[in-house]
Each structure stands twice: as structure tokens, then as C-alpha cells.
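The values are calculated or read from the model by the stated rules, or taken from the named source; none is laboratory data. It should be emphasised that the depicted structure is a prediction, and the values quoted were computed from it without experimental measurement. No Cβ is skipped: glycine too gets one built from the backbone with ideal geometry, and neighbour counts run over all protein chains shown.
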Amino acid sequence: MLDEDLIIKLSEGPVIATLTGTIVKSYRGQPSLGSTSATRLYVNLPIPEVTDFRE
């Protein structure tokens, strides 16, 4: 369940999603991402690369 404050914070400006631990697969001839047990989803990571991109 998402926190209401988090939803409001995410709605301010662009949302940058960073996926790790994924594998590229083919689905109906198109590339797609598949998850693994190591897959993680990070939203608006507090790192300089994401902060700079969001500004």
C-alpha cells in the first residue's frame, strides 16, 4: 500500500524509475524486460544523476 505523502511527492515533477536485475527477452518479436529474483525497482533515487535529470 502506498503512502499518501509519497504519492503527492511523486506527482511533483517527472518520475524516474530505475530497474535493476532484469533480463531482455523477446515477446512477439519485440524486446521486453523480464524480471528475476534480483529485480529491484527504485523510484526517484536520491543520487546526483537522477536529481540532475529531474531538474
Scan region 31-43 for residues that are over 10 Å from I16 (Cα atoms) and either exposed (fewer than 10 other Cβ atoms within 10 Å of the Cβ) or out of contact with any Lys or Arg (no Cβ under 9 Å at 6 or more places or on another chain) (or both) and report the count. 8
Of the conditions (1) on the phi > 0 side of the Ramachandran plot; (2) under 14 Å from the mean Cα position of the chain (by Cα); (3) surrounded by fewer than 10 Cβ atoms within 10 Å (Cβ to Cβ), P46 satisfies every one except a single condition; which number is it? (1)
If only one of R40, R28 is among the charged types (D, E, K, R) and modelled with pLDDT of 95 or more, which one is it? R28
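Within region 1-24, track down each residue that is hydrophobic (A, V, I, L, M, F, W, C), in a helix (DSSP H, G or I) and either modelled with pLDDT under 70 or surrounded by fewer than 10 Cβ atoms within 10 Å (Cβ to Cβ) (or both). First the steps, then the outcome.
So the first thing to find is which residues in region 1-24 are hydrophobic (A, V, I, L, M, F, W, C), and the list is 1-2, 6-8, 10, 15-17, 19, 23-24.
Remaining after also requiring in a helix (DSSP H, G or I): 6-8, 10.
Matches in region 1-24: I7, I8, L10.
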T18: passes all of (1) touching a residue at least 12 places away in the same chain (Cβ under 8 Å); (2) in contact with a Pro (Cβ under 8 Å, 6 or more places away or on another chain) but (2)
Of the residues in region 25-49, those that are among the basic types (K, R) and not in a strand (DSSP E or B) come to R28
